[in-house]
Amino acid sequence: MRAADQRLPFRGVSPSGTRGTPLHGAGSGGFRKRKHDNFPHGQRREEKENVNPPSALMTSFKSFQLELDTRHDKYERLVKLSRDITIESKRTIFLLHRFTSAPNGEEILSESEVKLDAVRRKIKQVAQELIGEDMYQFHRAISPGLQEYVEAVSFQYFIKTRSLISVEEINKQLTFTAEDREETTNMTSNSHDKQPHTWSLKVTPVDYLLGVADLTGELMRLCISSVGNGDIDTPFELSQFLRQIYDGFTFIGNTGPYEVSKKLYTLKQSLAKVENACYTLKVRGSEIPKHMLADVFSTKTELIDQEEGLP
């Protein structure tokens, strides 16, 4: 009985006072301590907290995280401003289409100038956001708004002067002056040493070309509405003007950006619709009453769109 008791050690308390696990095959009193028995509970918690101590590498990545979050927030703000610029520019274009049917066109032009001033105030906020930054890093966020602004400004300029506004004249209108010192304090830390009181946002050549390409669609609508109001001379002026723009775009060809070559097809369709209107006026103008010309042109425009597969 004693020999059996010695061969089968029981689970109990060791002489040192710690509970352990019996070792089979060992003599009496052989216990194996658990791993965590050698370390106090408080010491294990401190080691767990100090697994990833702050280092120079972690500090660098924290600064990178802060910089990226700041850049993403600025990008989102610019997207919202660009959306506001697009909406206000479209409203200006819709207002200018009433020029041919309004009894007093000067009121339409003055009201459109007020709306464009509101758009420029939005662009001023964009310019303030881009102080000390590379504009091309945020170009995709503001490009749709700038294109729509170019379309609205060039449409108003054509109604006034019957010519195309240049990119230099557009950029001249986008030079802003600080009204007070509070606006200059919003500049970035890169310009703390010398804070300018004037800044500008320049429209890139690509945005200018895309805006002019969109202008051709508005001129085509102006042509149809002019005929409906009994204006026979405007379609021929628009046809000549659109033909000059189309010739200028064909010189670019496939060497320009992808967006420019993509809009060239739409420009060609707008020119074809205006030329078709001029052909109808020249050949059948004496046969069709003036109040029915707009309906005839709209019907032919729908037929052209169906043939070309346009929506």
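Derivation of every value follows stated rules applied to the coordinates shown; laboratory data play no part. This one's a predicted model, so the numbers in the text were calculated from it and none came from an experiment. Counting neighbours? That spans all protein chains shown, and the Cβs are built from the backbone with ideal geometry, glycine included.
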In range of the label at Y258: residues from the stretch 117-151 whose backbone nitrogen is under 16 Å from the point 7 Å along Cα→Cβ | 140
Count the net charge of all other residues whose Cβ sits under 13 Å from the Cβ of A213, scoring Lys and Arg as +1 and Asp and Glu as -1.
-> -3
Please identify every one of the GluC sites (Glu not before Pro) in the stretch 215-291 that sits in a loop by DSSP and has no more than 16 other beta carbons within 10 Å of its own beta carbon.
-> E287
Using 0.36 nm per residue, how much length does the chain from H97 to T266 gain when fully extended, once their Cα-Cα distance is taken away?
-> 58.9 nm
Within-11-Å neighbourhood charge of Q147 [Cβ basis; K, R +1; D, E -1] = -4
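Using the per-residue mean of other Cβ atoms lying within 10 Å as a proxy for protection, in what order, highest first, do the peptides 161-169, 227-235, 144-152 fall?
144-152, 227-235, 161-169
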Between V283 and T198, how many nm apart are label points set 7 Å from Cα along the C-beta direction?
-> 5.5
